[in-house]
Amino acid sequence: MTQKEFEQLIPELRHLMLKVGSDFFGSTMDAEDVAQESLARLWLNLERLDSSRDLSSLAIKVAKNVCIDIYRRHVRPKGKIPDSLSAPLSDNADAGIAAEECLADIEFALNLLTPSERSLLNSRVNQGKSSSDISAETGIPKASVMSIISKAKKKVKTIIRNRT
């Protein structure tokens, strides 16, 4: 594919990538990051793209992979197990494996939440924001924020319980 052909497709592909990012994260800022990184990945592989094929499905697939990459960078940077979950090998050789399995179960469950549930739960748990702060940022009534977060926590627990 030529650079000119690709440039003509950018508006259409960007729109698709923004939709994927918005659906995944529930945030226009994160969706913009997804679109930019996805377009950059396609640009870097421009010579391998076939201009005779419809790139829409490839663009969506790339955007989904970018969403997962961004999510992993924010939730579990560099795949390291938090020190609080790991144990010295001399105490229990299986502790590290168990911690990794636990994190995998949590990540699996979080991926099954809706984008809004995931976003609100992230604001509370990872960013330490209060329901009032989240309500002020999102425009969602405080009682609704509390309810959504509570239901999301229960959903995560149920998913993990059913998975093990």
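Only the coordinates and a few stated rules stand behind these numbers; no lab work does. The structure presented is a predicted model; accordingly, all values stated were derived computationally and were not measured. Here the Cβ positions follow ideal geometry from the backbone for every residue, glycine too, while neighbour counts run over all protein chains shown.
From the backbone phi of segment 122-134, what are the Karplus-calculated ³J(HN,Hα) couplings (6.51 cos²θ - 1.76 cosθ + 1.60, θ = phi - 60°) in whole Hz, Gly and Pro given as x?
Karplus-based 3J(HN,Hα) across segment 122-134 equals 4, 4, 6, 7, 7, 9, x, 7, 7, 4, 5, 5, 4 Hz.
Grab the Cα-Cα distance for residue 8 and residue 133, subtract it from 0.36 nm times how many residues apart they are, and report the gain in nm with one decimal. Before the final figure, lay out each step's value.
Working: separation 125, 0.36 × 125 = 45.00 nm, distance 4.22 nm.
Between residue 8 and residue 133, full extension yields 40.8 nm more.
Assuming a viscosity of 0.890 mPa s and a temperature of 25 °C, what translational diffusion coefficient in µm² per second does Stokes-Einstein assign to segment 107-164, Rh being the Kirkwood radius over Cα pairs? Present the calculation step by step, with values, prior to reporting the outcome.
Numbers: Rh = 11.5 Å.
Answer from the Stokes-Einstein relation: 214 µm²/s.
Given R₀ = 30 Å, FRET efficiency for residue 143-residue 68 by Cβ-Cβ distance, to 0.05? Mind dumping the intermediate values first?
On the way: r = 32 Å, r/R0 = 1.08.
Rounded to the nearest 0.05, the efficiency is 0.40.
Packing-wise, with mean Cβ within 10 Å as the measure, how do 30-43, 138-151 rank, highest first? Provide the component values of the computation, followed by the final result.
Details: 30-43: 19.1, 138-151: 14.8.
Descending packing order for the listed peptides: 30-43, 138-151.
My understanding is that a pair violates if its Cα-Cα distance is over 24 Å; which of 129/151; 61/155; 61/151; 19/157; 4/61; 129/157 do that in this structure?
Working: 129/151 17 Å; 61/155 27 Å; 61/151 30 Å; 19/157 29 Å; 4/61 22 Å; 129/157 21 Å.
Violating the 24 Å limit, Cα to Cα: 61/155; 61/151; 19/157.
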